[in-house]
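Here the structure is laid out as structure tokens; the discussion comes afterwards.
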Amino acid sequence: MASRLKIEYEKNIRKKLKSQFKFKSIMEVPKLEKIVLNVGIGEAHSNPNLLKAAIEELRAITGQHAVKTTARKSIANFKLREGFDVGCRVTLRGDRMYEFLDRLINIALPRVRDFRGLSPKSFDNFGSYNFSVMEQIMFPEINFDKVEKIHGFNITIAISAKNKEHSRALLDEFKMPFRS
């Protein structure tokens, strides 16, 4: 069964964006390509339980197993060596991507304390949107009593758009809570 946001995109949003930007083909309309969640845990090499907990939390949030990320080069000031585990990430595509975005917009972000909206300036030149959340406990799937350490993560929403304005219009149609 398709996600609620995906059905909304295919039925209404795509047609609206095509007429708004006067695209010649429906294939020019921006669409979501993937969502990447990335957790960096600095002391993962000295405390492997933190990394295991982060992987399990990402699995609970996304419904997909997380992949460990390793250091590409050594940095002496951080006591970091090449090949050390430094975090984990998950790449979501298809229905899981739409389900996650729906839960993020409608459930998780409204639970953030003193939330005033996401920055509308976080688009890169390729149309992708990047932002960070400070606590993983904003998701209802996370049991607060079993959390070993509060950590944040970065979320990247990759969009097949030619510029920032097209990406912003797509996320506005999905009701992404931007600051005014």
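Computed from the coordinates by the stated procedures, all read-outs in this text should not be read as laboratory data. If you're wondering where the values come from, they're calculated on a predicted model, not measured in any experiment. Every residue, glycine as well, gets a Cβ built from its backbone with ideal geometry; the counts of neighbours run over all protein chains shown.
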Option label - semi-axes √(5λ) of the Cα gyration tensor in Å computed here, alternatives (i) 32, 18, 15; (ii) 28, 17, 15; (iii) 26, 18, 17: (i)
Gyration tensor (alpha-carbon) shape descriptor, region 86-180, a/c threshold 1.5: prolate
Magnitude of the Cβ-charge dipole (Lys and Arg +1, Asp and Glu -1) of the chain about the Cα centre, nearest 20 debye, reported as 700
Among DSSP beta bridges lying fully in the chain, give the percent that are antiparallel, nearest 5. 95
Of the listed pairs Lys31/Lys146; Lys52/Lys162; Lys11/Lys162; Lys18/Lys121; Lys6/Lys149; Lys149/Lys175, which have alpha-carbon separations greater than 29 Å here? Lys31/Lys146; Lys52/Lys162; Lys6/Lys149; Lys149/Lys175
Please identify, among Lys16, Lys68, Lys31, the residue showing maximal mean-square fluctuation in a Gaussian network model of the chain using a 10 angstrom Cα cutoff. Lys16
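Count neighbours as other Cβ atoms within 10 Å of each site's Cβ, and list the GluC sites (Glu not before Pro) in region 27-93 that are DSSP loop with at most 10 such neighbours. Write out the running numbers ahead of the final one.
Numbers: sites: Glu28, Glu33, Glu43, Glu56, Glu57, Glu82; in loops: Glu82.
Sites meeting the loop and neighbour criteria: Glu82.
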